[in-house]
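Heads up, the thing below is written out as structure tokens.
The values are calculated or read from the model by the stated rules, or taken from the named source; none is laboratory data. Computed from a prediction, not measured in an experiment: that's the story for all the values here. Here the Cβ positions follow ideal geometry from the backbone for every residue, glycine too, while neighbour counts run over all protein chains shown. For accessibility, only protein heavy atoms count, side chains too; no ligands or nucleic acids. Shrake-Rupley method; radii C 1.70, N 1.55, O 1.52, S 1.80 Å.
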Amino acid sequence: MQASEPRVLVTTSRMPFAVDEIHKLGETGRDVTAADTFAAAPGSHSRGARRHLVFPAPTQQTAAFIDAVIDAIGDHDINWLLPMFEEVFYLARHRDRITAAHPATELFFPDFETLARVHDKVEFTALCRELGLPAAESVTTTNRDELREATQRWPHWFARAAYGRGGLDVLTNTGPLAGESSIDDITPTRDDPWLVQEYLTGVDRCSWSVAHHGEIVLHSCYEHPLAIDDRGGIVFASVDSPESLAAAQSVARELNWHGQISFDYLVTEDGVHHMVECNPRPTAGCTVATAEEFDTALFDPGELVVVPAGRKKMITAAVLRDALRHPSHLRRDLAAAKGAGGVYDQPHDHLPLLYSALSLQHILVYRRELGLDRDTSEELMATQFFDVLWDGTAIA
């Protein structure tokens, strides 16, 4: 435990796992300041947050964002900085500035180079091979001709941008996403390569861990029995998976990881957990941990705690949206959601659910930013992070 009680600044409070972690920290009595680039971010209105702030966009206004973080730490006596999404790259790039201004504040995330190594799908795949972790055979492409040639290697293939996220920036000839994009629409470059892999069939699994200086202290593995538009999961069910723990611990020890870290896996029929990608931040796996487990893992870590199988959480509004848009899914949706608690609508903490609807105004900002027509078909998930993402470009 720190000498003084933790006073936590949580950034990018819009994310569902941010809503959950803010709620948990409030439940255990921590002083939480929630921040995002817009006032209606759902997590900012959780009962777990004692105050909320609006910051400049890290992607478009990096210097102003870092200034705002430094000011907030000073204004609110923050001694623990807990990022939720890709703003972590901007914080890490300017880690020295933050530390110089506030040397006593715990920055619970690795250095920039470590983050970038696992975020880049090409580099991450190479790391997995170095560590002997299973991963699908793959080819890295840096132009359209290489991309086209790579897709001829296997009858069934799957391609992803090195810095893609959230099930976006993908190309495949197999499965539910087949045909959504064309090779003619993709232009890989040396700075923005695409990874082409053999398409494997199996069960998608994800894990989330809290690590301190290379040792995992809290771990969960989960499946998502229900996903939105065949991409991000909206129901999360914890499962037993010693394989995911072993893989996560291997990476954490190799990189001396300090912070939250998450992985995606593809489990084939033979039980092999093939590494897919790393998210160097929290994901929905935190939702199936208890408030006490999370609090202890952050502030008073001891022996490893593994979340048991059988816990379930869901994003209620997304489940309802799927049922309303696809009435034929109703029976499936109800079965998947049975027994699941809400992420945005936790007991005595319902404002995040309301603000999850109000925050849809952020979509309009997104469309104006990109010059999109109102009728343009665009993935709803992409609106979540246009102003907090990092696409591999240099950060000033």
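Of all residues in segment 261-274, those satisfying the criterion of being open to solvent by 10 Å² or more (accessible area, probe 1.4 Å) and either among the basic types (K, R) or in contact (Cβ under 8 Å) with a residue 12 or more places away in the chain (or both) are D264, L266, V267, T268, E269, G271, V272, H273, H274.
Name every residue in segment 63-106 that is assigned to a helix (DSSP H, G or I), over 27 Å from G392 (Cβ atoms) and touching a residue at least 60 places away in the same chain (Cβ under 8 Å), in order of residue number.
The initial filter retains those residues of segment 63-106 that are assigned to a helix (DSSP H, G or I), namely 63-75, 87-93, 95-101.
Still in the running and over 27 Å from G392 (Cβ atoms): 71-75, 101.
Answer for segment 63-106, where residues must be assigned to a helix (DSSP H, G or I), over 27 Å from G392 (Cβ atoms) and touching a residue at least 60 places away in the same chain (Cβ under 8 Å): A72, I73.
Quick one: which of R253, R205, R153 is in a loop (DSSP other than H, G, I, E, B), open to solvent by 30 Å² or more (accessible area, probe 1.4 Å) and either touching a Pro at 6+ places or on another chain (Cβ under 8 Å) or touching a residue at least 24 places away in the same chain (Cβ under 8 Å) (or both)? Don't jump to the end; show me each part of the working.
Values: R253 fails: in a loop (DSSP other than H, G, I, E, B); R205 fails: in a loop (DSSP other than H, G, I, E, B).
Among R253, R205, R153, only R153 is in a loop (DSSP other than H, G, I, E, B), open to solvent by 30 Å² or more (accessible area, probe 1.4 Å) and either touching a Pro at 6+ places or on another chain (Cβ under 8 Å) or touching a residue at least 24 places away in the same chain (Cβ under 8 Å) (or both).
With respect to (1) among the aromatic types (F, W, Y); (2) over 26 Å from L107 (Cβ atoms); (3) open to solvent by less than 40 Å² (accessible area, probe 1.4 Å), the lone exception for Y163 is condition (2). A single member of A178, A246 is closer than 21 Å to A136 by Cβ, at pLDDT 95 or above and open to solvent by 30 Å² or more (accessible area, probe 1.4 Å), and it is A246. Within segment 29-43, track down each residue that is open to solvent by less than 20 Å² (accessible area, probe 1.4 Å) and out of contact with any Lys or Arg (no Cβ under 8 Å at 6 or more places or on another chain). Hits for segment 29-43 are A35, A40.
Residues that are open to solvent by less than 10 Å² (accessible area, probe 1.4 Å) and either more than 21 Å from the chain's Cα centre (by Cα) or among the β-branched types (V, I, T) (or both) within segment 79-93 comprise just one, V88.
Among the residues making up segment 125-150, a single one is in a helix (DSSP H, G or I) and touching a Lys or Arg at 6+ places or on another chain (Cβ under 8 Å): L127.
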